[in-house]
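The values are calculated or read from the model by the stated rules, or taken from the named source; none is laboratory data. This one's a predicted model, so the numbers in the text were calculated from it and none came from an experiment. Cβ placement follows ideal geometry from the backbone for every residue including glycine, while neighbour counts extend to all protein chains displayed.
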Amino acid sequence: MKAQLELPPLGEVLEFLRLIWAVHHGLEKTSKKMDVRLGVTGPQRLVVRIVGRFPGIPAGRLAQILHVHPSTLTGVLKRLERRGFIERRPDPRDARRASLGLTPRGRRLDVAAGTVEGAVNRALHVAGNHQVRAAGRVLRILAETLEHAQPL
């Protein structure tokens with residue numbers, strides 16, 4: 001087992017940022033492994049999971065849920081469609097819009113194991129409900145603060 005080096009005192013803010021960086025690095029690393037093994041990255045699989053949970057969801061609503069601009073989501077949707085995981089269907093209420101659905105291949109991916117989601121699920125189970133709720137509150141506050149932050 002590798003010896004753990006003691007970290008210098010960073011203070012609350014820098015330590016929190018360091019942990020966010022570690023989570024980001026872990027998500028990226030796992031996402032790359034998923035891309036090789038499953039043919040999708042972690043963010044792409046998140047899109048598949050949400051479309052699987054809400055069949056017929058419009059792309060604009062999906063962008064709202066993911067807190068991204070619709071143009072950011074366009075590339076992800078095109079890749080998933082090209083790889084045969086999702087399909088766009090004309091919205092019966094508005095021909096200018098499309099709704100999203102999973103293909104049979106996408107439905108198989110919707111339940112695949114060995115993903116970022118699985119790792120998060122295990123961590124949440126270890127942390128327990130109280131800590132998960134507290135962490136969720138902090139992350140929501142941070143996300144809102146960053147969304148409304150003034151440019152430097």
- prompt: Within the stretch 57-78, which residues are outside any helix (DSSP H, G or I) and of a type outside the set (A, V, I, L, M)?
  reply: Pro58, His67, His69
field: Checklist (1) loosely packed, with under 11 Cβ neighbours inside 10 Å; (2) farther than 23 Å from Trp21 by Cα; (3) within 18 Å of the chain's Cα centre (by Cα) applied to Glu147, failing item
entry: (2)
query: Residues in the stretch 37-52: is at least one loosely packed, with under 15 Cβ neighbours inside 10 Å, over 30 Å from Glu144 (Cα atoms) and aliphatic (A, V, I, L, M)?
result: no
message: Can you pull out every residue in the stretch 96-138 that is among the β-branched types (Val, Ile, Thr), modelled with pLDDT of 90 or more and either touching a strand residue (DSSP E or B) at 6+ places or on another chain (Cβ under 9 Å) or closer than 18 Å to Phe85 by Cα (or both)?
response: Thr103
message: For the stretch 2-56, give me each residue that is assigned to a helix (DSSP H, G or I) and either touching a His at 6+ places or on another chain (Cβ under 7 Å) or among the polar types (S, T, N, Q) (or both).
response: Thr30, Ser31, Gln44
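Conditions tested, residue by residue: (1) in contact (Cβ under 8 Å) with a residue 60 or more places away in the chain; (2) β-branched (Val, Ile, Thr); (3) surrounded by fewer than 13 Cβ atoms within 10 Å (Cβ to Cβ).
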| residue | (1), (2), (3) |
| --- | --- |
| Arg93 | no, no, yes |
| Val111 | no, yes, yes |
| Ala119 | yes, no, no |
| Asn129 | no, no, yes |
Breaking point among (1) closer than 28 Å to Ala95 by Cβ; (2) of a type outside the set (Val, Ile, Thr); (3) without any contact (Cβ under 8 Å) to a residue 24 or more places away in the chain; (4) surrounded by 12 or more Cβ atoms within 10 Å (Cβ to Cβ), for Ala59: (3)
